[in-house]
Each structure stands twice: as C-alpha cells, then as structure tokens.
Amino acid sequence: MWCHTCKAARYCSQKCLIADLSTHKLICKTYKDFDLSERPTHEHKRAILLDPYKSSPTFIWLHCEWSGATFGEFQYAKVESYLGEDACPERQNIKYNKVLKREVEELITVCVRDTFEIDPSLLNSSVSSITAGSVGHNFLWRGPIVVYGKCGLDRDASLCRDIRMSDFKHVVDFFRSYVYKPAAVRKEPQQPITTVYGVRINDDYHKRFEKPRFESVKVSSRDPIFNLGESSDIAELIGIPTLSRLVIARGTVLFATECPTDNQYARHLHSCLHPKNQAHEGSACSGFGHAHKDWHGTVGNVIVVRQDMKPLWPHHMESICHYAHQEVVPILGHNQGMYLKEKAITEDQARAMINRPAFVIYYHQKYLIAQRDAGASVGADFDDAP
C-alpha cells in the first residue's frame with residue numbers, strides 16, 4: 001500500500017504505515033509539493049537539508065557539479081553553501097540498514113561539518129524531530145546536515161541522483177541508531193573550559209577542497225580526545241607527547257560508513273614502537289614497527305593535540321610527520337630486514353635511534369631548510385609560534 005498524500009512511500013501493511021507515520025509526516029507534504037519542473041539545471045539534484053533552525057527536514061536543489069581530471073570524472077555535491085564556506089565537509093555513507101537488516105537500494109550520503117563537535121554549531125532541531133521517541137541516548141548532532149543520493153552502492157560512485165522518499169526511512173534509521181554510551185560521571189571538580197590549539201591532518205580527499213594537509217583547529221579542553229585519544233610512540237620518544245582521534249569516529253555506529261581515503265601521515269605517526277615483551281597500555285599494537293589496523297585504509301581526517309595542552313601548530317605537526325615518514329620509516333625498515341645484505345638492527349636499537357636530539361637535528365638540517373627553500377616562514381626553533 002502507498003501513502004495517499006505523497007504517493008511515493010510504499011508499505012507492506014497498515015500497521016507498518018502507522019509505525020512510520022511520526023517521521024514520514026515530517027516531509028510527506030513537502031515532498032509532494034517539491035516541483036521537479038523547477039530544477040535549475042540538469043546538474044541539480046533533489047536533496048534533504050536538516051537545518052538546525054527548522055523543526056523538520058526540507059528539500060533543496062543541490063548543485064552536483066561535474067569535476068574531473070586529477071581524480072577522474074565525477075559529480076561533486078557542492079554542500080558548502082549549506083554547511084558554511086568555512087566548513088570542511090565530512091561524508092558518511094549509508095550502505096546497509098542494520099535496523100531493517102538489508103542493504104539500501106542505492107547509496108545515501110550524509111554530509112556534516114567535520115568540526116561540528118568542537119565549533120559553536122547549534123543543536124540540530126531537524127534531527128531532533130527525527131529521533132524524538134527513539135530508545136537510547138541519541139547522539140547530539142549539531143550544525144546543518146545535507147543528505148543526498150548516489151547511483152549504485154559503490155562509495156566511489158561518480159553519479160549523484162535525486163533523493164527519494166524510500167531513502168528517507170534509511171536516513172531516519174541512521175539517525176535513530178547513531179547512539180552513544182554516556183561516560184561515567186567523574187567526581188573530581190570540573191576544570192574551567194579552555195581552548196586548545198591542535199592540528200587536523202587532512203586526508204588525500206581534501207585536496208579537492210584546496211585544504212592544507214596540516215590545518216590548525218581549536219579544540220575544547222573537555223574534548224574526548226584528552227580522555228580517549230591515542231598516543232603516538234614516535235611523538236613520545238622525541239619528547240612531544242600527543243593524542244589523536246579520528247574526526248569521523250563519533251559514538252557507536254550501527255551503519256556501514258566509510259571515511260574518504262587514506263591518511264599516510266597519521267598511519268606513520270602511530271607506528272608501534274613498544275618492545276614485544278612490554279604491554280602497551282591504551283593501544284592495540286599490531287607488532288613492532290606497524291600501526292594498528294585502525295590506522296590503515298580509509299582513515300579520513302585526524303585531529304592531534306599535545307598531551308600537555310600547549311599549542312600544536314601546523315608546522316609542528318608537519319615536521320613531526322615528515323620526521324616519522326623520512327627518518328623513522330627507514331629505521332623500522334632496517335629492523336624488518338629491508339637491507340638484505342645487512343644484519344637487521346634490533347627493536348631496542350631502532351628505538352634508541354628515535355629520540356629528541358635526532359629530531360632536533362632533522363628539524364634544523366632538513367625540515368627548516370626545505371621550508372625556507374619553498375618560501376615558507378617557519379620559526380627557527382620548534383617551539384616558536386607561527
């Protein structure tokens with residue numbers, strides 16, 4: 001049976017229709033009234049906007065511009081005008097609905113501001129209208145959110161499409177199932193909230209948005225990164241202990257979501273350097289010289305801060321990551337037998353070669369010279385502010 005109003009939502013029974021009514025009615029009439037003949041261009045696709053200032057979702061015309069050359073021909077959904085021109089869009093794909101226990105018909109992409117947890121974005125009232133009455137602790141989504149469709153189920157699908165009413169059920173289940181467990185209440189007195197300067201290591205995907213690889217971000221001193229963030233053995237050995245977290249890792253996700261692409265710098269930064277005979281508290285090490293599997297593949301963007309909450313500037317992070325990539329990786333390669341005619345160094349020898357003096361020498365003799373040759377202005381000492 002079909003919805004009598006929009007004639008675009010199909011149900012197996014009256015009972016099923018009634019169960020879906022509370023959320024379906026949020027966009028039923030607006031879907032019916034959305035005039036496809038007013039499509040601005042053939043590149044514009046019908047999408048859903050979850051506006052924090054509105055009590056229910058609305059339909060919009062989203063410009064999906066053809067782009068190409070470097071990454072191959074694809075349609076890029078220009079969501080910046082809705083998320084904010086200062087936003088770096090973070091995309092999560094709905095491919096499998098675990099509530100219904102089946103794949104969706106075609107890929108659905110949920111696009112948010114990637115810093116909405118740490119910037120002043122407002123609580124999203126449209127999402128709240130969807131999650132009202134659901135069981136559990138719903139995630140507090142903030143800022144504007146755009147939902148659009150892609151053709152097929154491949155996350156790299158090049159074609160965008162009109163969002164359909166049948167997609168909305170999957171969107172509802174996505175938000176209702178995106179829950180978290182509240183952390184245990186801490187009994188020590190609350191410290192004043194302060195702003196900590198950190199760095200976002202952008203993945204390869206963000207070259208499309210002309211974002212720098214290492215981008216300065218502001219993080220609240222109460223951000224979960226300071227309790228749950230993963231430390232870097234390399235940063236610890238050179239005397240600059242850091243904490244990291246994936247930008248996209250928010251709560252317990254019950255849907256198949258995929259981050260944009262690889263983040264090689266973040267992976268090298270988190271290479272495990274703890275000897276095999278020692279437990280590495282707080283980290284699931286995949287073996288000496290290797291990063292945990294979570295740092296492989298489509299990691300996406302990563303936020304890094306100093307454990308002591310001192311400012312971490314982009315040139316700090318860049319120099320540490322370049323040191324890890326250019327100096328530490330070859331050392332680990334020697335330990336793993338890369339140089340066939342040489343006896344591999346031991347783990348202890350490899351660790352001993354990664355230290356503060358070695359990093360300082362690298363910073364002054366290689367990193368600074370390379371930056372100045374490129375015309376960049378960087379402080380003479382590591383701790384200098386930009």
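The values are calculated or read from the model by the stated rules, or taken from the named source; none is laboratory data. Just so it is clear, the model here is predicted, and its values are computed rather than measured. Note: ideal-geometry Cβ built from the backbone for every residue, glycine included; neighbour counts use all protein chains shown.
Among residues of the range 356-385 that are among the charged types (D, E, K, R), those with a Cβ under 6 angstrom from a residue that is surrounded by 10 or more Cβ atoms within 10 Å (Cβ to Cβ) and at pLDDT 90 or above, sequence gap 6+ or separate chain, pair up as Arg356/Ile238; Arg356/Gly239.
Which one is surrounded by the most Cβ atoms within 10 Å (Cβ to Cβ), of the residues in the range 315-355 that are over 30 Å from the mean Cα position of the chain (by Cα), part of a helix (DSSP H, G or I) and in contact (Cβ under 8 Å) with a residue 60 or more places away in the chain? Filtering the range 315-355 for residues that are over 30 Å from the mean Cα position of the chain (by Cα), part of a helix (DSSP H, G or I) and in contact (Cβ under 8 Å) with a residue 60 or more places away in the chain, the one surrounded by the most Cβ atoms within 10 Å (Cβ to Cβ) comes out as Ala350.
The residue of the range 42-66 that is nearest to the chain's Cα centre (by Cα), among those that are surrounded by fewer than 18 Cβ atoms within 10 Å (Cβ to Cβ) and of a type in the set (Asp, Glu), is Glu65.
Out of curiosity, is Arg39 surrounded by 13 or more Cβ atoms within 10 Å (Cβ to Cβ), in the same structural domain as Lys150 (by TED's automatic domain parsing) and either farther than 19 Å from Val171 by Cα or of a type in the set (D, E, K, R) (or both)? Spelling it out, Arg39 is indeed surrounded by 13 or more Cβ atoms within 10 Å (Cβ to Cβ), in the same structural domain as Lys150 (by TED's automatic domain parsing) and either farther than 19 Å from Val171 by Cα or of a type in the set (D, E, K, R) (or both).
Considering every residue within the range 72-88, establish whether at least one is over 28 Å from Val217 (Cα atoms), of a type outside the set (S, T, N, Q), at pLDDT 90 or above and surrounded by fewer than 21 Cβ atoms within 10 Å (Cβ to Cβ). Checked the range 72-88: no residue is over 28 Å from Val217 (Cα atoms), of a type outside the set (S, T, N, Q), at pLDDT 90 or above and surrounded by fewer than 21 Cβ atoms within 10 Å (Cβ to Cβ). Between Val147, Val104, Val127, Val99, the distinction of being assigned by TED's automatic domain parsing to the domain that holds Lys169, modelled with pLDDT of 80 or more and within 18 Å of the chain's Cα centre (by Cα) belongs to Val147 only.
Scanning the range 135-155 finds no residues that are within 20 Å of Ile60 (Cα to Cα), out of contact with any Ser or Thr (no Cβ under 9 Å at 6 or more places or on another chain) and not in a strand (DSSP E or B).
The range 184-275 holds strands (runs of 3 or more DSSP E) entirely within its bounds, and those carrying 1 or more residues that are surrounded by fewer than 20 Cβ atoms within 10 Å (Cβ to Cβ) and at pLDDT 90 or above map to 195-201, 214-220.
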